[in-house]
1. Explain nothing, just the number: dipole magnitude of segment B:38-114 about its Cα centre with +1 on each Lys and Arg Cβ and -1 on each Asp and Glu Cβ, in debye rounded to the nearest 20.
2. If you take every DSSP beta bridge whose two residues both sit in chain A, what share of them, in percent to the nearest 5, is antiparallel?
3. Of all trypsin sites (Lys or Arg not before Pro) in segment B:31-101, which ones are in loop regions per DSSP and have a Cβ with at most 11 other Cβ atoms within 10 Å?
4. Along its three principal axes, how long is chain A when you only count alpha carbons? Whole Å, largest extent first please.
5. Could you give the dipole magnitude of the protein assembly as shown about its Cα centre, charging the beta-carbon of Lys and Arg +1 and that of Asp and Glu -1, in debye to the nearest 20?
6. With a 1.4 Å probe and all protein chains left in place, how much of the accessible area of chain B comes from carbon and sulfur atoms, in whole percent?
7. Taking the Cα centre of chain A as origin, work out the dipole magnitude from +1 charges on Lys and Arg Cβ and -1 charges on Asp and Glu Cβ, in debye rounded to 20.
8. Would you mind classifying chain B by shape? Square roots of the alpha carbon gyration tensor eigenvalues, ordered a ≥ b ≥ c; an a/c under 1.5 is rounded, otherwise it is prolate if a/b is larger than b/c and oblate if not.
Amino acid sequence: AQSVTQLGSHVSVSEGALVLLRCNYSSSVPPYLFWYVQYPNQGLQLLLKYTSAATLVKGINGFEAEFKKSETSFHLTKPSAHMSDAAEYFCAVRPVTGGGADGLTFGKGTHLIIQP
Amino acid sequence: DAMVIQNPRYQVTQFGKPVTLSCSQTLNHNVMYWYQQKSSQAPKLLFHYYDKDFNNEADTPDNFQSRRPNTSFCFLDIRSPGLGDAAMYLCATSSRRGAYNEQFFGPGTRLTVL
């Protein structure tokens, strides 16, 4: 069974500083990988996804993530944090097989705090 | 704009009183999902429909049921809510064309059980 681990339930950075949110997956076959953002009392919004086309994936709001098979990682980064980035971030995986009807398996989430 | 709509956004029910949550979509997607998200936890898949085919997760309690009368609508029925069922319930949709397709989430319904 596949799983995903997000290191750090809370990450605090200063406005303008680099954001790094960590995600590692556990799967014998590299799955499809996603990062979602959730603002308070709202649903999840897709930031970016890895689908094996390119290891460096660019998403919305200036975020990007790099897939590293050797490290089974898919860390999310943003060069310069903005106050509006404060939210909960979820890494999720989905098996390559199954035709797309399978649900997502989420990590426990990382709460990003932006210090002024 | 194509979207996923959930009603109501906030639902209060009493212990043991049946409750139904609603989800509709204008994306014409084949697959619809229900996730449960308890406070400060990750969303957890309850079940999903691929068209009319119902797929239940192995650890989803029998207390939870779902109906999908047509492509656009899907309902989550909780037959006898307990205090432990208080959570945010998220509906999502996906096209089945490729496992890489993203899931589109609604804003969620926050369920309170008194």
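The values are calculated or read from the model by the stated rules, or taken from the named source; none is laboratory data. Just so we're clear, the structure is a prediction, and the values are computed from it rather than from any experiment. Positions of Cβ are generated from backbone atoms using ideal geometry, with glycine treated the same way; all protein chains shown enter the neighbour counts. With ligands, DNA and RNA removed, areas are computed over all heavy atoms of the protein, side chains included. Shrake-Rupley method; radii C 1.70, N 1.55, O 1.52, S 1.80 Å.
1. Values: 9 positive and 8 negative charges, 38 e Å.
It comes to approximately 180 debye.
2. Details: 33 of 38 bridges.
DSSP beta bridges in chain A are roughly 85 percent antiparallel.
3. Numbers: sites: B:Lys38, B:Lys44, B:Lys52, B:Arg67, B:Arg79, B:Arg96, B:Arg97; in loops: B:Lys38, B:Lys52, B:Arg79, B:Arg96, B:Arg97.
Counting only loop positions with at most 11 other Cβ atoms within 10 Å, the trypsin sites (Lys or Arg not before Pro) in segment B:31-101 are B:Lys52, B:Arg97.
4. Each principal axis gives a Cα extent; for chain A these are 44, 30, 22 Å.
5. On the way: 19 positive and 16 negative charges, 30 e Å.
Charge dipole of the protein assembly as shown: 140 debye, to the nearest 20.
6. On the way: 2720 of 5560 Å².
C and S atoms contribute 49 percent here.
7. Numbers: 8 positive and 7 negative charges, 44 e Å.
Dipole of chain A, to the nearest 20 debye: 200 debye.
8. Numbers: a/c = 1.73, a/b = 1.62, b/c = 1.07.
Because a/c hits 1.5 or more and a/b exceeds b/c, chain B counts as prolate.
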